[in-house]
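All of the numbers you see were taken from the coordinates with simple rules; none came from a lab. Quick caveat: nothing in here was measured; it's all calculated off a predicted structure. Glycine gets a Cβ as well: all are built from the backbone with ideal geometry, and neighbour counts include every protein chain shown.
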Amino acid sequence: MVLGFKQGYGFVEKIGAKTKVHSIREDKHNRWHAGMRIHMATGVRTKGYCCFNDKDECKSTQRIEIKYINKSMGVPVIIIDGREHWFVENERDRRVILALANNDGFDTIRDFCKWFDRDFVGKIIHWTDLRY
């Protein structure tokens, strides 16, 4: 299945460098599951379509929710497979949130929060054995 990436954010390069090891996506129809071949591409549904990687497969998925309980705090609560991670609560949760952001291709939690700037429900699509 095609997994599209926007150009200009460094995602393609980070996937090539193996520093972006998953992608967070909506999956309203529950289509992503382990064993599916992933066709990573830019320019999806355009003349500029370019598949830059078709060698990986979905190893696993995890349910993710991003909730802005208090928008003025700037950092949401991240819920992965039902487990809550609060940035302000403890160091372990901060490390999980930073690892999630970095592994999704963002340099900082701030960059991650700019991208996911509102409540969100979806899946983490893993193409490595990493799990949270």
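Taking the Cα centre as origin and putting +1 on Lys and Arg beta-carbons and -1 on Asp and Glu beta-carbons, what dipole magnitude results for the chain, to the nearest 20 debye? Mind showing how you got there, number by number?
Working: 24 positive and 18 negative charges, 65 e Å.
Rounded to the nearest 20 debye, it is 320 debye.
Aspartates and glutamates near residue 71 by alpha-carbon distance under 13 Å, same-chain residues fewer than 8 away left out - which ones?
Of all the aspartates and glutamates, those that pass the test against residue 71 - Cα under 13 Å, at least 8 places apart if same chain - are 117, 119.
Applying the Karplus parametrisation 6.51 cos²θ - 1.76 cosθ + 1.60 with θ = phi - 60° to the phi angles of the range 22-35, what ³J(HN,Hα) value in whole Hz is obtained for each residue in order, glycine and proline being reported as x?
7, 9, 9, 9, 5, 8, 4, 9, 6, 8, 7, 7, 4, x
Only Cα pairs within less than 10 Å get springs; with that Gaussian network setup on the chain, which residue of 92, 118, 45 has the largest fluctuation?
Sorting by GNM fluctuation, first place goes to 45.
The range 60-132 to the range 1-24: how many Å between their Cα centroids?
For the range 60-132 versus the range 1-24, the Cα centre distance is 17 Å.
Can you tell which of 17, 41, 99 shows the greatest fluctuation in a Gaussian network model of the chain with Cα springs below 10 Å?
17
Taking the Cβ of residue 56 as the centre, find all other residues whose Cβ is under 13 Å away and add up their charges (Lys, Arg: +1; Asp, Glu: -1).
Neighbourhood net charge equals +2.
DSSP loop chymotrypsin sites (Phe, Trp or Tyr not before Pro) in the range 18-73 with at most 16 other Cβ atoms within 10 Å of their Cβ, which ones? Present the calculation step by step, with values, prior to reporting the outcome.
On the way: sites: 32, 49, 52, 68; in loops: 32, 49, 68.
The qualifying sites are 49.
Rounded to the nearest angstrom and ordered from largest down, what semi-axes does the equivalent ellipsoid of the chain get from its C-alpha gyration tensor (root of 5λ)?
Largest first, the chain gives 25, 16, 14 Å.
Please tell me the relative contact order of the range 2-126 in percent, rounded to the nearest whole number, where contacts are Cα pairs under 8 Å and at least six residues apart. Intermediate values should be presented prior to the final figure.
Numbers: 217 pairs, mean separation 38.3, N = 125.
Across the range 2-126, relative contact order equals 31 percent.
If I model a spin label at residue 81 and residue 18 as a point 7 Å from the Cα along the Cα→Cβ vector, what separation in nanometres do I get?
Result: 2.3 nm between the two label points.
Would you mind checking the tilt of helix 91-103 against the longest principal axis of the Cα atoms of the chain, expressed as 0 to 90 degrees and rounded to 10?
The angle comes out at about 20 degrees.
What residue among 2, 122, 30 has its Cα farthest toward the positive end of the dipole of the chain, where the charges are +1 on Lys, Arg and -1 on Asp, Glu, each on the Cβ?
Sorting the options by dipole projection puts first 2.
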